[in-house]
Amino acid sequence: DTAVSQTPKYLVTQMGNDKSIKCEQNLGHDTMYWYKQDSKKFLKIMFSYNNKELIINETVPNRFSPKSPDKAHLNLHINSLELGDSAVYFCASSQALAEQFFGPGTRLTVL
Amino acid sequence: KQEVTQIPAALSVPEGENLVLNCSFTDSAIYNLQWFRQDPGKGLTSLLLIQSSQREQTSGRLNASLDKSSGRSTLYIAASQPGDSATYLCAVNPNTGGFKTIFGAGTRLFVKA
């Protein structure tokens, strides 16, 4: 059973579109994260959700909005996509500040 | 502001060699430090987590040490194998304003058969 899963694995879309990436964890963790890995492979945190409350929003444009319908899911909505949004997006989860487990990533390409 | 640096950026070694990867951080007020590996086109796999009160952690051929006061961690890989080839990342969780994990840029390791 996959611990942290993301869909879709690949996402190709036009500039200006709105898209969503879904994330689910079956580990019973209380904290979930979204990270962006750019073309230089640098990984930067975007959001953290602890018990469904947003903890950190790291200078991310408000075109990005995390939505958590329950503790096991944290979806990422992106409005008005721009070329610079092209990257690999990773979801992760942990129990509080303990070990983080990552999903396989979603490669987003904006044309 | 916390910054995490990993040296070297890339490393190529022959199979069987023992090696050390370095991670340094500028603010010693950390809650814990975690080492990951990332294979090309894949997600991150957790290797070891060291709490701020610990000095080292071991898992198989891997040993991670932490010297919080000097802002350093090392990942020691014994008897390297071609399957160890990957990018190794370290990440710190700060003591304050939690859930703000900061990653280093990684060390790309290539183990030659």
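The values are calculated or read from the model by the stated rules, or taken from the named source; none is laboratory data. Note that this is a predicted model, so its numbers are computed, not measured. Quick reminder, even Gly has a Cβ in these numbers, built from the backbone with ideal geometry, and neighbours come from all protein chains shown. These accessible areas exclude ligands, DNA and RNA; they are computed on the full protein's heavy atoms, side chains included. Shrake-Rupley method; radii C 1.70, N 1.55, O 1.52, S 1.80 Å.
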### Accessible surface, per residue, of chain A when the full set of protein chains is kept, probe 1.4 Å, Å²
49
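Partner chain Cβ atoms within 10 Å, averaged over the residues of A:55-65 - can you pull that number for me? Don't skip to the answer; put the middle values down first.
Numbers: counts 4, 5, 0, 2, 0, 0, 0, 0, 0, 0, 0.
Per-residue shielding by partner chains comes out at 1.
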### C-alpha center-to-center spacing [segment A:25-100, segment B:1-31] in angstrom
25
### Task
Restricting things to alpha carbons, tell me how big the protein assembly as shown is in terms of Rg and Dmax, in Å.
17.5, 51
## Note on the structure
The base-10 log of I(q)/I(0) that the Debye equation returns for segment B:4-113 at q = 0.14 Å⁻¹, one scatterer per C-alpha, is -0.51
### Query
Roughly how much accessible area, to the nearest 100 Å², goes out of reach of solvent when A and B pair up, both sides summed, probe 1.4 Å?
1700
### Task
Run the accessible area of chain A with a 1.4 Å probe and give the carbon-and-sulfur part as a rounded percent.
51
### Message
If you roll a 1.4 angstrom probe over the protein chains with everything in place, what fraction of the accessible area of chain B belongs to carbon and sulfur, to the nearest %?
### Response
49
### Compactness of chain A - radius of gyration and Dmax, Cα, Å
13.1, 38
### Query
Stretch A:Arg107-A:Glu82 to full length: gain in nm at 0.36 nm per residue minus the Cα-Cα span?
7.6 nm
#### Entry: Protection-proxy order for peptides A:9-18, A:90-99, B:35-44, each taking the mean of Cβ atoms within 10 Å per residue, highest first
A:90-99, B:35-44, A:9-18
### Task
Could you check the simple spin-label distance between B:Ala79 and B:Ile7, using points 7 Å along Cα→Cβ, in nm with one decimal?
3.1
### Message
If a paramagnetic tag sat 7 Å from the Cα of A:Ala3 along the Cα-Cβ line, which residues of segment B:5-35 would have the backbone N under 16 Å from that point?
### Response
B:33-35
#### Entry: Accessible area expressed per residue, chain B, with surrounding protein chains retained (probe 1.4 Å, Å²)
47
### Query
Which of the lysines could a cross-linker bridge to B:Lys68, judged by Cα under 22 Å and excluding same-chain residues fewer than eight apart?
B:Lys1, B:Lys100
### Task
Let me have the relative contact order for chain B, percent, based on Cα pairs under 8 Å that are six or more residues apart.
37
#### Entry: Candidate residues A:Ile55, B:Ile77, B:Ile102, B:Ile7: accessible-area rank, largest first, probe 1.4 Å
B:Ile7, A:Ile55, B:Ile102, B:Ile77
